[in-house]
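Asks: Sharing a structure with you now.
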Amino acid sequence: MGYRLRETGVPGTMERCPAIGPIPKTRRATMIDQNKACAFTGYQDFNEDAMVEHLSEIIKIKTIANRDESLIDYVPYGVLRDYLEKTYPLVHQNCERVIIAKASMLYRWPGNGKSGKKPMLLMAHQDVVPVTPGTEGDWKYPAFDGVVADGHVWGRGAIDMKNMLCAEFEAMEYLMQKGFVPDRDIYLALGHDEECGGTGAMAVAKYMADQGIELDFVMDEGGEPAHGEEHGASDVLVASIALFEKGYCDIHMIANSAGGHSSQPKPGEPSALAKVAKAILAVEANPLPTSLPIAFEKFYRALGPHLDDPQMRAICTDLPNRRDELIAILEKTPQGNATVRTTTAVTQAWGSPAPNILPQKATASVNFRLNPRDTIESLMEHVRNAIGDDSIQLIPFEAREASKVSPTDSPAFALIEETIHEFYPEMVVAPGGVFGGTDSRKFEDICPNIYKFSPFFDTSVYGSTMHATNERISIVDLVRGARFLIRLLEKAAS
């Protein structure tokens, strides 16, 4: 149903894990085997061993993200470019490539124009988060050795998201080997700093806009196939195609006072820190109103008939009539609360530099993740009203609105859904949303249809290793993801 984020303890990095959603998790005696459920048998001549070797080598290239641009080592990005050129010669013979913002890349595979369709864009990012210092020895195999063992490829980026990068190149190279010529332009955008804000993707989107390029659809990470038990529906497999991303805003609440020595506080006058503490309590006591975004409502409507819990099944099969009942249940859990409202999280506070000094200035930082119904402006108004103290300064930073919600009645959504069903005929396709952020939101100005779907089961199976220890992907899942992209490109551009 999307992703939730948590800090890793490494400055500038986040841990992104699959959000299991607010529906109670269930367990069945035998979990559905996604390998047996897969019905697709095409592309038997696809070179699986070569792809495994290629991902292994790509993982070895340390394209590590850093929020401080001055500390980014750009040399590995050049090494990766050289490796891609050597490994995928047809892609580099048939595609135009532009390097943007030092290390981000945009490929264009020219179509023959016969269909008259607008171009499509596939996405991935080159960068990976660092290994948390002190945890290197916890890895079964070194994080940047790209070890192939136990039926898996191990290492940082195996599921976030060098697997997708590798699969996209494999799919394009395979189709070119077969003489395939797309009937529309196909673009591939590879950001270099998605883990730290996505300035590269932003520059790519601006470049495309300046060129007058309008896209039919974008496909990036965000949703994925998963076992239904992760969503409280143990008898089915579920594919979530995310339609939007929540917004983001940090607000600094700042109070001032005279300060002085802590041995002589002024009677009856609260310190700056006390003023901020009062503001914190007011904000926490006044959460923003609930609402169920249409993307999440569609998720529950799709999954409703398959839910294990009778109450949830009855409610979700009668939406939107019982929307208020669903919201009342969801807001009781952390993931559910994040689904139905803009969340409020007090994360940091600063006062004086020493325990015996009354602060002249105190600050608290509150993080908000915006649902589509709220805006930065309405959020600021809500916080001001909740605090009720004009002496408290409110300063927003790192603010972005929630993304637009992509439609489910577009040919592009139908294309992704149809391709999923070619691989898994019985899989429930459920629209959803993303609690965190991806590079794809940068392309809203040139594309109305942005879908966040990564065709790898292991994104959910090994989600706890993403940005953590022992990140890996099974060889079976890796290869199947490449075959999915081959089929998607065939259907989209022929």
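Bear in mind these aren't lab numbers, they're just calculated from the coordinates by the rules spelled out. As the structure is a prediction and not an experimental result, all values here were calculated from the model. Positions of Cβ are backbone-derived with ideal geometry, glycine not excepted, and every protein chain shown enters the neighbour counts.
Asks: Per 0.36 nm of contour for each residue apart, how much would the distance between K86 and S378 grow if the chain were fully extended, relative to their Cα-Cα spacing?
Replies: Details: separation 292, 0.36 × 292 = 105.12 nm, distance 5.15 nm.
Full extension from K86 to S378 adds 100.0 nm.
Asks: Along the Cα→Cβ direction, 7 angstrom out, place labels at R67 and K332. What is the inter-label distance in nm?
Replies: 3.6 nm
Asks: Would you please give the residues with an amide H less than 5 Å from that of A349, counting only those at least 5 places away or on a separate chain, with H modeled from the backbone geometry?
Replies: Under 5 Å from the amide H of A349: S365.
Asks: Then there is this: With everything on Cα atoms, drop me the angle between helix 475-492 and the longest principal axis of the chain, reported from 0 to 90° to the nearest 10.
Replies: Once rounded, the angle reads 80 degrees.
Asks: A follow-up question, please. As a check on your grasp of the helix formula, calculate [θ] at 222 nm for the chain: sum -39500 (n - 2.57) over DSSP H runs of n ≥ 4, divide by the residue count, round to the nearest 500.
Replies: When only DSSP H runs of four or more count, the value is -9500 deg cm²/dmol.
Asks: Explain nothing, just the number: relative contact order of the stretch 248-400, from Cα pairs under 8 Å at least 6 residues apart, as a whole percent. Could the numbers behind the result be given before it?
Replies: Values: 255 pairs, mean separation 66.3, N = 153.
Normalised by residue count, the contact order of the stretch 248-400 is 43 percent.
Asks: Whole-Hz ³J(HN,Hα) for each residue in the stretch 201-214, computed from phi via Karplus 6.51 cos²θ - 1.76 cosθ + 1.60 with θ = phi - 60°, x for glycine and proline: what do you get?
Replies: Residue by residue, the stretch 201-214 yields 5, 4, 5, 5, 4, 5, 4, 5, 5, 5, 7, x, 7, 10 Hz.
Asks: So what are the ³J(HN,Hα) numbers for the stretch 119-128, from phi and the Karplus equation (6.51, -1.76, 1.60; θ = phi - 60°), rounded to whole Hz, Gly and Pro as x?
Replies: Taking θ as phi minus 60°, the curve returns x, 10, 9, 9, 9, 7, 10, 7, 7, 10 Hz for the stretch 119-128.
Asks: Follow-up. Using 0.36 nm times the number of residues separating E214 and D145, minus their current alpha carbon distance, what extension gain do you get? Before the final figure, lay out each step's value.
Replies: On the way: separation 69, 0.36 × 69 = 24.84 nm, distance 3.98 nm.
20.9 nm is the gain from fully extending E214 to D145.
Asks: Then there's this: Does the stretch 22-142 come out rounded, prolate or oblate by the C-alpha gyration tensor, with a ≥ b ≥ c the root eigenvalues, rounded set by a/c under 1.5 and, if not, prolate when a/b is larger than b/c and oblate if not?
Replies: Details: a/c = 1.72, a/b = 1.08, b/c = 1.59.
Oblate.
Asks: Using +1 at the Cβ of each Lys and Arg and -1 at the Cβ of each Asp and Glu in the chain, identify which of M164, Q177, A354 lies farthest towards the dipole's positive end.
Replies: About the Cα centre, the residue reaching furthest to the positive side is A354.
Asks: Please compute the Kirkwood hydrodynamic radius of the stretch 171-267 from all pairs of different C-alpha atoms, in Å with one decimal. Display every interim value, and only then the final one.
Replies: Numbers: mean 1/r = 0.0509 Å⁻¹.
It is 19.6 Å.
Asks: Could you check the spin-label model distance between S464 and E269? Points 7 Å from the Cα along Cα→Cβ, value in nm.
Replies: It works out to 5.4 nm between the two label points.
Asks: Pairing the Cα long axis of helix 376-387 with the longest principal axis of the chain, what angle in degrees results, from 0 to 90 and rounded to the nearest 10?
Replies: Roughly 30 degrees between the two axes.
Asks: Taking the Cα atoms of the chain, what is the range of coordinates along each of the three principal axes, in descending order and whole Å?
Replies: On the principal axes, the chain reaches 83, 55, 49 Å in Cα extent.
Asks: Just want to confirm a number: the relative contact order over the chain, from Cα pairs under 8 angstrom separated by 6+ residues, in percent. Each step should come with its number before you reach the end.
Replies: On the way: 1064 pairs, mean separation 128.1, N = 494.
Contact order relative to length: 26 percent.
Asks: Right, something else. In nanometres, what is the gap between the two model label sites at A37 and F397, each 7 Å from Cα along Cα-to-Cβ?
Replies: It is 4.5 nm.
Asks: Is the stretch 160-217 best put as rounded, prolate or oblate by its Cα gyration tensor, with a ≥ b ≥ c the root eigenvalues, rounded for a/c under 1.5, and otherwise prolate when a/b is larger than b/c, oblate when not?
Replies: Numbers: a/c = 3.46, a/b = 1.29, b/c = 2.69.
It comes out oblate by the Cα gyration axes.
Asks: Let me ask something else about it. What net charge do the residues around G304 carry, taking every other residue with its C-beta under 14 Å from that of G304, with Lys and Arg at +1 and Asp and Glu at -1? Walk me through the numbers before you get to the answer.
Replies: Details: positive: K298, R301, R313, R322, R323; negative: D235, E297, D308, D309, D318, E325.
Charge balance near G304 sits at -1.
Asks: Hey, what D do you get for the stretch 285-377 in µm²/s if you plug the Kirkwood alpha-carbon radius into Stokes-Einstein at 20 °C and 1.002 mPa s? Let's see the in-between values first.
Replies: Numbers: Rh = 15.6 Å.
The Stokes-Einstein estimate is 137 µm²/s.
Asks: By average Cβ neighbour count within 10 Å, what is the ranking of 452-461, 371-380, 350-359 from highest down? Could you put the intermediate results ahead of the total?
Replies: On the way: 452-461: 25.4, 371-380: 17.9, 350-359: 14.2.
Most protected by this proxy first, the peptides run 452-461, 371-380, 350-359.
Asks: Right, something else. Assigning unit charges at the beta carbon (Lys, Arg +1; Asp, Glu -1) and nothing else, what dipole magnitude in debye, to the nearest 20, does the chain show about its Cα centre? Provide the component values of the computation, followed by the final result.
Replies: Values: 49 positive and 67 negative charges, 159 e Å.
In total the dipole reaches around 760 debye.
Asks: Starting from the amide H of I159, placed 1.01 Å from N in the peptide plane, find each other amide H under 5 Å away whose residue is 5 or more places distant or on another chain.
Replies: HN-HN under 5 Å from I159: R472.
Asks: So, one more: First measure r as the distance between the Cβ atoms of Q348 and E136, then evaluate 1/(1 + (r/R0)^6) with R0 = 35 Å and state the FRET efficiency to the nearest 0.05.
Replies: Working: r = 28 Å, r/R0 = 0.80.
In this case the efficiency is close to 0.80.
Asks: For the stretch 207-346, rounded, prolate or oblate, judged on the Cα gyration tensor with a ≥ b ≥ c (square roots of eigenvalues), a/c < 1.5 rounded, else prolate if a/b > b/c?
Replies: On the way: a/c = 3.35, a/b = 1.71, b/c = 1.95.
Verdict is oblate for the stretch 207-346.
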